[in-house]
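Report on the following structure.
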Amino acid sequence: MKHLFISPPLSLFFLTTLGFSAQAEESIDLPNMVVTATRTDQSIDRLSVASTVFTRQDIERLQVQNVPDLLKQATGVDVSESGGAGKASSVFIRGTSSKHVLVLIDGVRIGSATLGLSPLSSLPIDQIERVEIVRGSQSSLYGSEAIGGVIQIFTRKGSQKEDNKPTVSLDLGGGSYDTAKVSGNVSGNFKNAWYAFGASHITTEGFNATSAESNDHDRDGYENTSFNARAGYKFDNSLSLEVFALKSQGENQFDDQFGNLSANDSNDFVIQNLGSSASFQVNQDWLASLSIGESRDESRNHDNTFFNTRRRTVRLINNFTLDNNHKVVIGSDFRHDQVESHQSYNENTRYNIGGFAEYYGNWFNAIDFNASVRGDEDEQFGSHVTGGVGFRVDLFNSGLDFIGNFSTGYKAPTFNDLYWPGAGNSSLKPEESTTFEVGLEGRYQWGQFSLRAFHTNIDNLIDWAPTGKFSGGFEIWEPTNINSAQIDGIEGEISTQLYDWNIALNGSALSPRDRKTNQRLSNRSQLLLSLDLSREFFDSLTIGSALNVSGDRLSGTTKLHGAIVWDIRTAYQINPNWTIKGKLNNLLNDQYQTNKGYNTADRNFFFSINYIY
């Protein structure tokens, strides 16, 4: 079921918080609980922030084959693509930049420290258990990059049976563009231990990534092999330990934006996430945990140019229960980023130390209130403080809640912004934001709905600008804190059941503007609409349909027309072990672009067969 609600010294670091910290990000067994919004498990209907949750059941029901296609179904999320499978994708939450979206895997920050983007297209959808999307600034909990929101991906945890027998699943599928995919997972438990292991492989010849006007008319393929492992043990003294690992690697073929012919039009990539966590129930009211993780984002082109990022993180979180209605979370984290490249950066490492505190309370069984504050000390630009407050008021026990939020956020400059050889600007300041939002959310027997309005200001936006200096007769340009933006928008959701059809509708309307020129911001659609229908027949046959509508967008000075993408899907359960699935994408064969010069998939299909024991 899909749930849509609006709703460096290590010694110094360890001194900032006493005790173990709990990896609260792992407490996600209940589908109506969200951990990303508060860094501790919280019922989704008690949150003031807007959240969307996709479970493993949603992923299988929607039959999406990659993470960007899954995110397109979420409220307020826009995706711009540069070709087919595996190609670069930019994700915009509520109209903010793709660099303003923090992406976590099992609580570990991922992405390129040079570009400031996350490799969502290269993550294996078959190894994902759950995705949580929180809209609106979360810098008061997570620090840099969370101006627009947070996407947290949880890898497969698998199923545990009461008889301790393992659960085994296998998938085999194929479809258009000479696509073939195979994946398998095994999971189980034995007494106080649990485990899950999985692997997947996908290969596709793809389609020409650039438009017909280009000189490069070849098909741009993609190949990805991925592995996932997770294991843990709970001791009798309330101590729990867990380790997890995800690795995705392969080859990606691409075209440049202008379709120029080049022998260097493919790269080898590695995405890796490793970590461990320990949690301990110190007493009845104090849950403490410690987690350590490392992510890698590596890319090497065939001309041996390369960019590698390694991000190491240590997290300490203490959850204190004051009573049944009041909780306090105190935590800190340390992050060390390192880049390696064929380019010689002036600096190739930096660290950040952050500490935060959050209060959550329920007053008079009618008002949910939260407040958080965070301080960060960055090796490059110094200290930064962010905060947030939110409330949710039950209006006269009517099933209708009034919601409000205020938050500040920031985004630290990337290594490219600061240290690119000959063009970096080490004097850059962080980009800063303020966000206000109000909304209504209702829950009734017939279904539920939500409606929110938000206003975001972003200052010190980094863009290239002339310096007034010249070299060789040409004026020198460099990244500068020169721009500012204002984003106003509304978003809504409604879900119900009508004649046994499950219906979920969401949409958003935006006005993303440059405050100085009053021009629209590039690559954002001002209108997004998503409708999903599904129904089960005869307890074995499921039929579904998804309609995604997007308005026009600017790519530079070029206006790209909007799109209507209609997908239909079906699944038939032959018996408790075997299921066959089929999906027809872009039924109307809409020819559109979300990034100037780059094609999107035309009408295509994918068919698969699944075995589970």
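Assess whether residue 454 counts as being over 30 Å from residue 564 (Cα atoms) and of a type in the set (Phe, Trp, Tyr). Lay out the reasoning, then the answer.
Working: over 30 Å from residue 564 (Cα atoms): no; of a type in the set (Phe, Trp, Tyr): yes.
So residue 454 does not fit the description; no.
Please go through region 569-600 and give me each residue that is open to solvent by less than 60 Å² (accessible area, probe 1.4 Å) and assigned to a strand (DSSP E or B), ordered by number. Break it down stepwise before answering.
Going through region 569-600, the residues open to solvent by less than 60 Å² (accessible area, probe 1.4 Å) turn out to be 569-571, 575, 577, 579-587, 589-590, 592-595, 597-600.
569, 570, 571, 579, 580, 581, 582, 583, 584, 585, 598, listed by residue number.
Return the residue satisfying two criteria in turn: it lies in region 502-526 and is open to solvent by less than 30 Å² (accessible area, probe 1.4 Å) and in a strand (DSSP E or B), and of such residues it is nearest to residue 456 (Cα to Cα).
Filtering region 502-526 for residues that are open to solvent by less than 30 Å² (accessible area, probe 1.4 Å) and in a strand (DSSP E or B), the one nearest to residue 456 (Cα to Cα) comes out as 512.
If you take the residues in region 467-493 that are part of a strand (DSSP E or B) and open to solvent by 70 Å² or more (accessible area, probe 1.4 Å), which one is nearest to residue 58 (Cα to Cα)?
Taking the candidates together, the pick is 490.
Condition first: of a type in the set (A, V, I, L, M) and under 23 Å from residue 43 (Cα atoms). Can you find one or more residues in region 338-346 that meet it?
No.
Which numbered condition trips up residue 491, out of (1) within 24 Å of the chain's Cα centre (by Cα); (2) charged (D, E, K, R); (3) at pLDDT below 95?
Result: residue 491 passes all but (3).
Search region 208-240 for residues being closer than 29 Å to residue 609 by Cβ and among the acidic types (Asp, Glu), and hand back the single one that is most open to solvent (accessible area, probe 1.4 Å).
Of region 208-240, the ones closer than 29 Å to residue 609 by Cβ are 219-231.
Within this subset, residues satisfying the condition of being among the acidic types (Asp, Glu) are 220, 223.
Details: 220: 4, 223: 78 Å².
In this case the residue turns out to be 223.
Starting from residues that are among the acidic types (Asp, Glu) and in a strand (DSSP E or B), keep the ones in region 294-337 and report whichever is farthest from residue 142 (Cα to Cα). If you could, list the steps in order and put the result at the bottom.
The initial filter retains those residues of region 294-337 that are among the acidic types (Asp, Glu), namely 294, 297-298, 303, 323, 333, 337.
Within this subset, residues satisfying the condition of being in a strand (DSSP E or B) are 294, 297-298, 323, 333, 337.
Details: 294: 16, 297: 20, 298: 24, 323: 26, 333: 9, 337: 15 Å.
For region 294-337, the residue satisfying everything is 323.
Within region 326-341, can you find the residues that are more than 19 Å from residue 269 (Cα to Cα) and open to solvent by 60 Å² or more (accessible area, probe 1.4 Å)?
327, 330
Report yes if residue 205 is modelled with pLDDT of 95 or more and open to solvent by 70 Å² or more (accessible area, probe 1.4 Å), otherwise no.
No: the conditions fail for residue 205.
Go through region 80-90 and give me each residue that's open to solvent by 10 Å² or more (accessible area, probe 1.4 Å) and within 25 Å of residue 431 (Cα to Cα).
Across region 80-90, the qualifying residues are 81, 88, 89, 90.
Considering each of 383, 398 in turn, give the residue that is more than 27 Å from the chain's Cα centre (by Cα) and modelled with pLDDT under 95.
On inspection, the qualifying residue turns out to be 398.
Among the residues of region 29-61, count how many are among the aliphatic types (A, V, I, L, M), surrounded by fewer than 22 Cβ atoms within 10 Å (Cβ to Cβ) and outside any strand (DSSP E or B). Steps first, please.
Here is the first cut: in region 29-61, the residues among the aliphatic types (A, V, I, L, M) are 30, 33-35, 37, 44, 47, 49-50, 53, 59.
Filter once more, keeping what is surrounded by fewer than 22 Cβ atoms within 10 Å (Cβ to Cβ): 30, 33, 35, 44, 59.
Now drop any that are not outside any strand (DSSP E or B), which leaves 30, 35, 44, 59.
Looking only at that region, the number is 4.
Just to be sure, is residue 476 more than 21 Å from residue 52 (Cβ to Cβ) and touching an Asp or Glu at 6+ places or on another chain (Cβ under 7 Å)?
Taking the combined requirement at face value, the residue does not satisfy it.
Write out, first by first residue and then by second, each pair whose Cβ atoms fall under 9 Å of each other, whose residues are 6+ apart or on separate chains, and whose first residue, in region 464-482, is more than 17 Å from residue 426 (Cα to Cα) while the second is among the polar types (S, T, N, Q) and surrounded by 10 or more Cβ atoms within 10 Å (Cβ to Cβ).
475/467
Looking only at region 452-473, filter to residues that are touching an Asp or Glu at 6+ places or on another chain (Cβ under 9 Å) and at positive phi; which one of those is modelled with the highest pLDDT?
The selected residue is 460.
This table checks each residue for (1) modelled with pLDDT of 95 or more; (2) under 30 Å from residue 47 (Cα atoms); (3) open to solvent by 20 Å² or more (accessible area, probe 1.4 Å); (4) among the aliphatic types (A, V, I, L, M).
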{"site": "117", "(1), (2), (3), (4)": "no, yes, yes, yes"}
{"site": "140", "(1), (2), (3), (4)": "yes, yes, no, no"}
{"site": "148", "(1), (2), (3), (4)": "yes, yes, no, no"}
{"site": "163", "(1), (2), (3), (4)": "no, no, yes, no"}
{"site": "171", "(1), (2), (3), (4)": "yes, no, yes, no"}
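Which one of these does residue 459 not meet: (1) among the charged types (D, E, K, R); (2) in a loop (DSSP other than H, G, I, E, B); (3) open to solvent by 50 Å² or more (accessible area, probe 1.4 Å)?
Only one criterion is unmet by residue 459, namely (2).
Test residue 287 against the criterion of being part of a strand (DSSP E or B) and within 22 Å of the chain's Cα centre (by Cα), and give yes or no.
Numbers: part of a strand (DSSP E or B): yes; within 22 Å of the chain's Cα centre (by Cα): no.
No; evaluated as a whole, the condition is false for this residue.
Can you say whether residue 499 is open to solvent by 30 Å² or more (accessible area, probe 1.4 Å) and among the hydroxyl-bearing types (Ser, Thr, Tyr), as far as the supplied structure shows?
On the way: open to solvent by 30 Å² or more (accessible area, probe 1.4 Å): yes; among the hydroxyl-bearing types (Ser, Thr, Tyr): yes.
Taking the combined requirement at face value, the residue satisfies it.
When you go through (1) open to solvent by 50 Å² or more (accessible area, probe 1.4 Å); (2) in a strand (DSSP E or B); (3) β-branched (Val, Ile, Thr) one by one for residue 565, which number turns out not to apply?
The number of the failed condition is (1).
With the structure loaded, tell me whether residue 405 is touching a Ser or Thr at 6+ places or on another chain (Cβ under 7 Å) and either charged (D, E, K, R) or in a loop (DSSP other than H, G, I, E, B) (or both) or whether it fails that test.
For residue 405, the condition - touching a Ser or Thr at 6+ places or on another chain (Cβ under 7 Å) and either charged (D, E, K, R) or in a loop (DSSP other than H, G, I, E, B) (or both) - is not met.
The values are calculated or read from the model by the stated rules, or taken from the named source; none is laboratory data. As the structure is a computational prediction, the values presented were derived from the model and not from experiment. We place every Cβ from the backbone using ideal geometry, glycine too, and count neighbours over all the protein chains shown. Heavy atoms of the whole protein, side chains included, go into the accessibility calculation; ligands, DNA and RNA do not. Shrake-Rupley method; radii C 1.70, N 1.55, O 1.52, S 1.80 Å.
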